[in-house]
Amino acid sequence: MSVKTYGLIAEFDSPAAILAAAERVRDSGYQRWDVFSPFPIHGLDNVMGLKNSLVGWFALAFGGSAFVTTMGLIWFCNTFDYPLIVGGKPMFSLPMSFVPSYILMILGGAVGAFIGMIALNQLPRWHHPLFGKKRFELVSRDKFFLVVGANDPKFSETETRKLLEQSGGVHIELVEDED
Amino acid sequence: MAETATNLETLAPPAELRRAPVVENNRGLGWLTDKLTAFTEGKTPRWWWILFLPAAFFATVVLPTMLIYQISTGIGVWGNNHPVMWGWDIINFVWWVGVAHAGTLISAMLFLTRQHWRTTIGRMAEAMTVFAVMMAGLYPAIHIGRAWFAWFMFPVPTYEGMWPQFRSPLMWDVFAVNTYLMVSTLFWYMGLIPDIALLRDRAKTRMRKFIYSLLALGWTGSARQWHHFEKAYVVLAGLCTLLVFTVSSIVGLDFATSQLAGWHATIFPLYFVVGAVYCGFGMVLVLLIPLRKLCHLEDIITTRHLDRICKLTLLSSLCITYIYLMEYYIAWYGGNPYERWVFSHRLLGHTYWYGGWIMLTVNFLMAQLLWFKRIRQNLKIVFVLAVLINIGMWFERFTIIVGSLYQDFLPANWGFYKQTWVDIGTYMGTLGAFFMMYLLFIRFLPMIPVAEVKSVLPQGNPHHPLGGAKGGKS
């Protein structure tokens with residue numbers, strides 16, 4: 001089992017510090033890096049150039065197809081496969097089919113948003129190279145981490161380390177991953 | 001540096017316009033983390049056992065006994081009979097659905113309107129929703145009598161070729177309640193993921209590490225993960241908000257589409273939504289006030305937050321009062337003699353007059369006490385009021401259901417309703433199950449959304465001096 005370099009990790013103390021460091025890393029031309037924090041930091045999406053999340057489209061696709069499917073199901077059940085006159089009402093009409101379809105659209109949208117979030121985040125995963133770092137356990141507490149990936153074209157152990165040091169990072173360590 | 005700091009100070013609004021911080025006494029991120037996880041990680045306090053054991057007894061002994069007896073014997077063990085075919089089962093169904101609604105309103109609607117104070121109570125309100133909907137969903141399933149045929153309500157292809165009849169709102173209810181349960185559970189669980197990751201990172205024993213690792217799904221808290229997470233959270237909050245208005249509307253339609261005087265009213269969907277929210281705020285206060293004290297969360301769930309829930313309770317009380325007045329006005333102005341009969345008998349009848357008076361006294365009169373700040377800040381009085389609100393709303397459903405059914409169009413058709421010990425036992429059982437699940441939740445999962453609270457603190461704001469920002473740069 002060989003060991004390969006995953007990246008360099010640096011620790012920061014405050015949201016402002018990590019935001020400044022992220023700006024600096026971006027301005028130095030790095031592309032494959034990420035920030036880890038206990039909560040979402042305002043303004044970081046812009047610094048990292050993250051585009052609008054696709055989760056909304058997942059919700060729309062799931063919700064929309066749930067709506068159409070339910071409409072079709074109601075038509076199939078009460079009009080096509082087993083037509084039954086109840087109270088002289090029409091076999092198929094919007095007032096009767098809209099409400100269940102609308103409800104299942106909400107269900108579909110919610111499931112879609114959840115699945116979208118999980119899929120886009122590549123979860124669930126049982127292992128992450130950063131979980132091996134003892135200090136990384138503080139990421140959910142009050143510390144902020146910046147990781148520059150070894151697969152970044154500009155990555156160099158000495159130069160990147162220098163940059164992270166200049167940005168105010170402490171406990172700069174090399175992260176290794178089992179191949 | 002000092003100069004720019006004073007600059008920032010002069011730019012800030014005057015003291016009386018400034019928003020009070022969400023968490024009092026200027027607590028830092030580390031303190032918050034320790035404080036908010038302390039209850040799940042510490043030793044189980046004695047009060048937890050004192051509350052848990054009776055609740056667990058009702059949930060695991062009384063409730064199954066009642067269910068087994070009722071399902072194996074038949075609906076006749078309840079008080080339901082002709083002409084009052086809906087009794088405690090439907091009263092309690094509507095009551096539990098109602099309790100759920102305020103949770104969704106707090107966690108989803110106040111999130112969409114960016115009310116920062118809701119972060120501290122959102123999780124507890126959501127948990128209340130999830131457990132209350134579970135209890136609500138139980139009632140229709142057993143109320144159908146032959147519970148083993150409950151699957152008839154779902155469009156399952158079978159050899160008889162039977163399908164559900166979608167023209168009935170009762171059928172819509174099946175979908176509404178199940179959707180409500182699933183969506184609120186998803187919303188609750190998704191919000192929990194980062195906080196479960198926090199418990200995973202702090203876990204001391206192998207067992208805790210393993211379980212929380214599984215539940216956290218490998219969450220790392222990377223900016224990309226947060227980015228998708230926040231989007232999904234907004235979408236789910238929006239969808240949950242739709243459910244606040246939909247689920248109780250459909251429950252209201254169950255009644256409104258019938259021909260019965262007292263039920264056949266267009267105001268019913270709105271009536272049930274407002275009543276549900278009002279009752280739910282009562283339950284939120286019943287849960288929050290003792291837990292805040294027992295778990296020492298005074299700095300986090302501040303009196304200001306409770307004050308705002310009280311104001312929302314007052315607002316929903318005024319809305320429900322308006323609907324009561326409107327209902328009586330329409331009964332009189334509509335000129336329908338049956339309708340007038342039912343409504344006059346709600347207050348002046350010879351059998352169930354007390355229900356109408358309890359409902360008006362509590363839901364309209366007593367809630368007006370919340371106008372006074374001194375009452376809102378006296379948590380003991382607020383707690384008593386909140387319990388009364390739940391009772392008052394229970395009697396509202398009693399008045400609507402039994403009060404309309406027992407005397408319908410033909411006097412020859414009139415009858416009485418009296419609950420049996422099985423009715424009472426089943427209700428106590430669901431109350432026990434609700435509180436048991438709630439106590440388990442606060443013991444094993446973070447009851448305050450830690451990550452969310454951090455993100456609205458000045459310490460979590462990269463543009464605030466406490467968040468590390470230098471001077472006036474923003």
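Annotations for the structure displayed:
- Checklist (1) surrounded by fewer than 17 Cβ atoms within 10 Å (Cβ to Cβ); (2) closer than 19 Å to residue A:7 by Cα; (3) more than 7 Å from chain B (Cβ to nearest Cβ) applied to residue A:88, failing item: (2)
- Meets criteria (buried (at least 16 other Cβ atoms within 10 Å of the Cβ) and more than 14 Å from chain A (Cβ to nearest Cβ)) for residue B:123: yes
- Residue match in the stretch A:52-74 (condition: touching a His at 6+ places or on another chain (Cβ under 6 Å) and over 15 Å from residue A:145 (Cβ atoms)): yes
- Contact annotation: residue pairs with Cβ atoms under 7 Å, 6 or more positions apart or on different chains, pairing a residue in the stretch A:116-142 that is more than 7 Å from every other protein chain (Cβ to nearest Cβ) with a partner that is surrounded by 14 or more Cβ atoms within 10 Å (Cβ to Cβ) and assigned to a helix (DSSP H, G or I), are A:136/A:130.
- Qualifying residue in the stretch A:152-161 (condition: among the acidic types (Asp, Glu), within 7 Å of another protein chain (Cβ to nearest Cβ) and not in a loop (DSSP other than H, G, I, E, B)): no
- Residue B:96 vs. criteria assigned to a helix (DSSP H, G or I), in contact with a helix residue (DSSP H, G or I) (Cβ under 6 Å, 6 or more places away or on another chain) and more than 25 Å from residue B:393 (Cβ to Cβ): no
- Filter pass, residue A:75 being surrounded by 14 or more Cβ atoms within 10 Å (Cβ to Cβ) and under 23 Å from residue A:129 (Cα atoms): no
- Filtering the stretch B:159-173 for residues that are more than 10 Å from chain A (Cβ to nearest Cβ) and assigned to a loop (DSSP other than H, G, I, E, B) leaves a non-empty set.
- Of the residues examined, residue B:251 is not one that is touching a residue at least 12 places away in the same chain (Cβ under 8 Å), more than 10 Å from chain A (Cβ to nearest Cβ), in a helix (DSSP H, G or I) and touching a Cys at 6+ places or on another chain (Cβ under 7 Å).
- Of the candidates B:366, B:437, the single residue that is assigned to a helix (DSSP H, G or I), surrounded by fewer than 22 Cβ atoms within 10 Å (Cβ to Cβ) and under 18 Å from the mean Cα position of the chain (by Cα) is B:437.
- Test: residue A:112 is within 14 Å of another protein chain (Cβ to nearest Cβ), within 20 Å of the chain's Cα centre (by Cα), under 30 Å from residue B:162 (Cβ atoms) and crowded, with 18+ Cβ neighbours inside 10 Å: no
- The single condition among (1) surrounded by 14 or more Cβ atoms within 10 Å (Cβ to Cβ); (2) more than 8 Å from every other protein chain (Cβ to nearest Cβ); (3) under 26 Å from residue B:459 (Cα atoms) that residue A:69 does not meet is (3).
- Residue check, residue A:99 closer than 29 Å to residue B:31 by Cα and crowded, with 16+ Cβ neighbours inside 10 Å: no
- The one condition in (1) crowded, with 18+ Cβ neighbours inside 10 Å; (2) within 25 Å of residue B:462 (Cβ to Cβ) that residue A:135 fails to fulfil: (1)
- In the set A:59, A:22, A:113, only one residue is among the aliphatic types (A, V, I, L, M) and touching a strand residue (DSSP E or B) at 6+ places or on another chain (Cβ under 6 Å); that residue is A:22.
- When residue A:52 is tested against (1) of a type outside the set (Gly, Ala, Ser); (2) more than 7 Å from every other protein chain (Cβ to nearest Cβ); (3) in contact (Cβ under 8 Å) with a residue 24 or more places away in the chain; (4) part of a loop (DSSP other than H, G, I, E, B), only condition (3) is not met.
- Hey, residue B:406 touching a strand residue (DSSP E or B) at 6+ places or on another chain (Cβ under 6 Å), surrounded by fewer than 23 Cβ atoms within 10 Å (Cβ to Cβ) and not charged (D, E, K, R) or not: yes
- Failed item in (1) assigned to a helix (DSSP H, G or I); (2) within 14 Å of another protein chain (Cβ to nearest Cβ); (3) of a type in the set (A, V, I, L, M), with residue B:448 passing the rest: (1)
- For residue B:381, the criteria (1) surrounded by fewer than 19 Cβ atoms within 10 Å (Cβ to Cβ); (2) touching a Leu at 6+ places or on another chain (Cβ under 7 Å) hold in every case but one, which is (2).
- Residue-level check: of (1) without any contact (Cβ under 8 Å) to a residue 60 or more places away in the chain; (2) crowded, with 23+ Cβ neighbours inside 10 Å, residue B:448 misses just (1).
- Residue in the stretch B:188-200 that is closer than 23 Å to residue B:93 by Cα, facing another protein chain (nearest Cβ under 10 Å), among the acidic types (Asp, Glu) and not in a loop (DSSP other than H, G, I, E, B) present: no
- Answer residue from the stretch A:14-49, given it is assigned to a loop (DSSP other than H, G, I, E, B) and facing chain B (nearest Cβ under 7 Å) and is surrounded by the most Cβ atoms within 10 Å (Cβ to Cβ) among those: A:38
Coordinate-derived values only; no laboratory data. From a predicted model like this one, the values you see are computed outputs, not experimental measurements. Positions of Cβ are generated from backbone atoms using ideal geometry, with glycine treated the same way; all protein chains shown enter the neighbour counts.
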